[in-house]
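This is the structure I have questions about; it appears just below.
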Amino acid sequence: MPSYDRNNVFARILRGELPCRKVYEDEFALAFHDIRPLAPVHVLVVPKGDYVSNADFAASAPAEQVAGFWRAVGRVAHELGLDSPGYRLVANHGPMSGQSVFHFHVHIFGGKAMPHDMTRLPEAHAKA
Ligand code: AMP
């Protein structure tokens, strides 16, 4: 895994240097619409902190940050009206997963039935 680059696109969005279509923000997380949506609802949730990936976040983030981040993910999905129809969470880790932005983030996909074969997601990603 690369080391954390403070100029990655999500770090720049968090600092307000780049725009985003914000959905939600609190002290732990920022959520915004993906610029190349792969579903009718495609929102990214990013923690406020310098974490390359889930492995980094899980190992290094303070417990309060981990809890706050995952509560934000649940709250965003709820506020998007996705609890009942359902939604998919994806977090890519490393090059073989298709991770392209090396600031930990969770994708929330909703608004359509998802293929059960989850390995199709990186393929769809590559074509986006
Ligand atoms: P991943 O491939 O899991 O690292 O996901 C990165 C995601 O970030 C992709 O789905 C991109 O479409 C999305 N993305 C890249 N730049 C931006 C941006 N400026 N605003 C919103 N989403 C972005």
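The values are calculated or read from the model by the stated rules, or taken from the named source; none is laboratory data. Quantities reported herein were computed from a predicted structural model and do not represent experimental measurements. Quick reminder, even Gly has a Cβ in these numbers, built from the backbone with ideal geometry, and neighbours come from all protein chains shown.
Show the residue pairs that are 6+ apart or on different chains and have beta-carbon atoms under 7 Å apart, the first residue being within region 1-23 and aliphatic (A, V, I, L, M), the second being away from the ligand (no atom under 12 Å from the Cβ) and modelled with pLDDT of 95 or more.
Every condition considered, the pairs that remain are Leu14/Lys48; Val23/Val76.
Pairs please, first residue from region 91-119 and in contact (Cβ under 8 Å) with a residue 60 or more places away in the chain and on the phi > 0 side of the Ramachandran plot, second anywhere and part of a loop (DSSP other than H, G, I, E, B) and away from the ligand (no atom under 14 Å from the Cβ), Cβ atoms under 9 Å, 6+ apart in sequence or on different chains.
Between residues of region 91-119 that are in contact (Cβ under 8 Å) with a residue 60 or more places away in the chain and on the phi > 0 side of the Ramachandran plot and residues that are part of a loop (DSSP other than H, G, I, E, B) and away from the ligand (no atom under 14 Å from the Cβ), the close pairs are Gly111/Pro40; Gly111/Leu80; Gly111/Leu82; Gly111/Pro85; Gly111/Tyr87.
Can you name every residue in region 67-87 that is within 16 Å of the ligand (Cβ to nearest atom) and farther than 20 Å from Phe10 by Cβ?
Scanning region 67-87 gives a single hit, Tyr87.
On the basis of being within 13 Å of the ligand (Cβ to nearest atom), of a type in the set (Gly, Ala, Ser) and in contact (Cβ under 8 Å) with a residue 40 or more places away in the chain, does Ala39 make the cut?
yes
So, one more: Against the definition (modelled with pLDDT of 95 or more and not β-branched (Val, Ile, Thr)), how does Gly94 come out, yes or no?
Spelling it out, it is not the case that Gly94 is modelled with pLDDT of 95 or more and not β-branched (Val, Ile, Thr).
Okay, next question. From Glu27, Glu64, which residue is away from the ligand (no atom under 13 Å from the Cβ), surrounded by fewer than 18 Cβ atoms within 10 Å (Cβ to Cβ) and not in a loop (DSSP other than H, G, I, E, B)?
The match here is Glu64.
Out of everything in region 30-40 that is outside any strand (DSSP E or B) and of a type in the set (A, V, I, L, M), what residue ends up being nearest to Asp50 (Cα to Cα)?
By that ranking, first place goes to Ile35.
Specify the residue that is nearest to the chain's Cα centre (by Cα); the eligible residues are those in region 43-59 that are surrounded by 19 or more Cβ atoms within 10 Å (Cβ to Cβ) and within 11 Å of the ligand (Cβ to nearest atom).
Of everything passing the filter in region 43-59, Leu44 is nearest to the chain's Cα centre (by Cα).
When only residues in region 1-24 that are buried (at least 16 other Cβ atoms within 10 Å of the Cβ) and more than 13 Å from the ligand (Cβ to nearest atom) count, which is nearest to the chain's Cα centre (by Cα)?
Tyr24
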